[in-house]
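Enquirer: Questions regarding the structure given below will be posed in turn.
The values are calculated or read from the model by the stated rules, or taken from the named source; none is laboratory data. From a predicted model like this one, the values you see are computed outputs, not experimental measurements. Note that each Cβ is placed from the backbone with ideal geometry, even for glycine, and that neighbours are counted across all protein chains shown. Note: accessible area is taken over every heavy atom of the protein model, side chains too, but ligands, DNA and RNA are not part of it. Shrake-Rupley method; radii C 1.70, N 1.55, O 1.52, S 1.80 Å.
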Amino acid sequence: MQNEDGSFVAKYDVTKGQKDKEFESLYYPGEVAYGLLFLNEVDPQKKWVDCAKKALMYLAYSRKDSGLKVPFDHWAMLATRKLFETPDNGLTAVEKIWLQRHAEQMAYSKIDTQIVDDGHVYQGGLFDNLRLCSLGTIMEGFVAIYYITDDVQLKQRVYNFLKRGTAFLSRYQVKEGAMQGGIPTTAYWCLTNSLESTKVIRIDNVQHVISAWITFVELQNSLK
């Protein structure tokens, strides 16, 4: 399913017995790369690592001219960190720089969209997006970026983003009742006139935020 340039055909039509070349996915390539690197841990084979690296290099190259308009791809960030931590990953110095630039591009695409004003009711959220799951997902990627980049100043900004984001998500987590601990759709859920749609707690809301929190705590502990 992987093309020669490292991209993927995202779907296979079982009924027709052929690849579906019309559908494109933002997240599938990064998910594939991440999964293959975990597969390599239980079934060590160079081909798994090579396939993952090829996919991530394609993403970095294909997005290099997108600037701050690049779509935030947390799966690619998680996979890139995993690749960096994989022994014998085969990365050249130039390839590592390309992947670091990709990660830094992701960081800069979001880092200035966070509300940082002291006393702001939504401090830590994003100006254009107060969906809790969305922020949790971005934070997962930011933790990975912290480990990927060598830019000390960016690391500090990423850390501050994560710290504010954690406080924001904690404030809007359900604190009592049958849904205690849950993560609703948006920060608007607790307003007296909020729509029912803002109060929905999906499993991925909880999963992504928990993942962000756990990995951020691990990061904090590593810095002590």
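Enquirer: Work out the charge dipole of the range 35-130 with +1 on the Cβ of Lys and Arg and -1 on the Cβ of Asp and Glu about the Cα centre, then indicate which of 68, 86, 130 is farthest towards its positive end.
Expert: Most positive-ward Cα: 86.
Enquirer: Long-range amide H contacts for residue 179: which residues qualify at under 5 Å (H placed 1.01 Å from N, peptide plane, sequence gap of 5 or more or a different chain)?
Expert: none
Enquirer: Now for a different question. Which of the peptides 138-147, 115-124 is most tightly packed, and how do the rest follow, going by the mean number of other Cβ atoms within 10 Å of each residue? All intermediate terms of the calculation are to be shown ahead of the outcome.
Expert: Working: 138-147: 25.5, 115-124: 11.9.
Taking the mean over residues of other Cβ atoms within 10 Å, the ranking is 138-147, 115-124.
Enquirer: Keeping all protein chains in the complex and leaving out DNA, RNA and ligands, what accessible area do you get for residue 127 with a 1.4 Å probe, in Å² to the nearest 10?
Expert: 140
Enquirer: Another question, then. How big is the charge dipole of the chain about its Cα centre, in debye rounded to the nearest 20, if each Lys and Arg gets +1 on its Cβ and each Asp and Glu gets -1 on its Cβ? Could you put the intermediate results ahead of the total?
Expert: Values: 26 positive and 27 negative charges, 40 e Å.
That gives the chain a dipole magnitude of about 200 debye.
Enquirer: Rounded to the nearest Å, what's the spacing between the alpha carbon centres of the range 41-92 and the range 141-157? Just the number, please.
Expert: 16
Enquirer: Which whole-number value in Å² is the accessible area per residue of the range 89-186, probe 1.4 Å?
Expert: Numbers: 4450 Å² over 98 residues.
Accessible surface, normalised per residue, equals 45 Å².
Enquirer: Scale the Cα Rg of the range 99-224 by the rule-of-thumb value 2.2 N^0.38 Å and send over the ratio, two decimals.
Expert: On the way: Rg = 14.7 Å, N = 126, 2.2 N^0.38 = 13.8 Å.
Rg over 2.2 N^0.38 Å, computed on Cα atoms: 1.06.
Enquirer: Here is a further query. On a 0 to 90 degree scale, rounded to 10, what angle separates helix 93-110 from the longest Cα axis of the chain?
Expert: Taking Cα atoms only, the helix is inclined about 30 degrees.
Enquirer: In addition: In whole Hz, what ³J(HN,Hα) sequence does the range 46-57 give by Karplus (6.51, -1.76, 1.60; θ = phi - 60°), x for Gly and Pro?
Expert: Coupling constants for the range 46-57: 4, 5, 5, 5, 4, 5, 5, 4, 4, 5, 5, 5 Hz.
Enquirer: Taking Cα atoms, how many degrees apart are the long axis of helix 132-148 and the longest axis of the chain, rounded to 10 and kept between 0 and 90?
Expert: Helix 132-148 sits at roughly 50 degrees to that axis.
Enquirer: Of all the accessible heavy-atom surface of the chain, with the other protein chains kept in place and a 1.4 Å probe, what percent is carbon and sulfur?
Expert: Numbers: 6690 of 12320 Å².
Carbon-and-sulfur percentage of accessible area, whole number: 54.
Enquirer: Just how many % of Cα pairs in the range 3-67 lie over 17 Å apart, if you round to the nearest whole percent?
Expert: Numbers: 1011 of 2080 pairs.
Considering the range 3-67, 49 percent of its Cα-Cα pairs are separated by more than 17 Å.
Enquirer: Which value in deg cm²/dmol, rounded to the nearest 500, describes the helix-derived mean residue ellipticity at 222 nm for the chain, given -39,500 (n - 2.57) per DSSP H run of n ≥ 4 and division by the residue count? Could the numbers behind the result be given before it?
Expert: Working: 7 runs with 118 residues, N = 224.
Estimated from H runs of four or more residues: -17500 deg cm²/dmol.
Enquirer: Then there is this: Per residue, how many Å² of accessible area does the range 16-64 show with a 1.4 Å probe? Intermediate values should be presented prior to the final figure.
Expert: Values: 3030 Å² over 49 residues.
Each residue of the range 16-64 exposes 62 Å² on average to a 1.4 Å probe.
Enquirer: Continuing with the same structure: For the ranges 99-109, 148-158, 17-27, what's the packing order if you count other beta-carbon atoms within 10 Å of each residue, average per peptide, and put the highest first? Mind showing how you got there, number by number?
Expert: Values: 99-109: 21.0, 148-158: 15.6, 17-27: 11.3.
So the peptides 99-109, 148-158, 17-27, ranked by packing, come out 99-109, 148-158, 17-27.
Enquirer: For residue 11, list long-range residues whose amide hydrogen, built 1.01 Å from N in the peptide plane, is under 5 Å from its own amide hydrogen.
Expert: Distant-sequence amide H within range of residue 11: 20.
Enquirer: Can you give the alpha-carbon Rg of the range 87-146 over 2.2 N^0.38 Å, where N counts its residues?
Expert: Working: Rg = 15.0 Å, N = 60, 2.2 N^0.38 = 10.4 Å.
Cα Rg divided by the expected 2.2 N^0.38 Å: 1.44.
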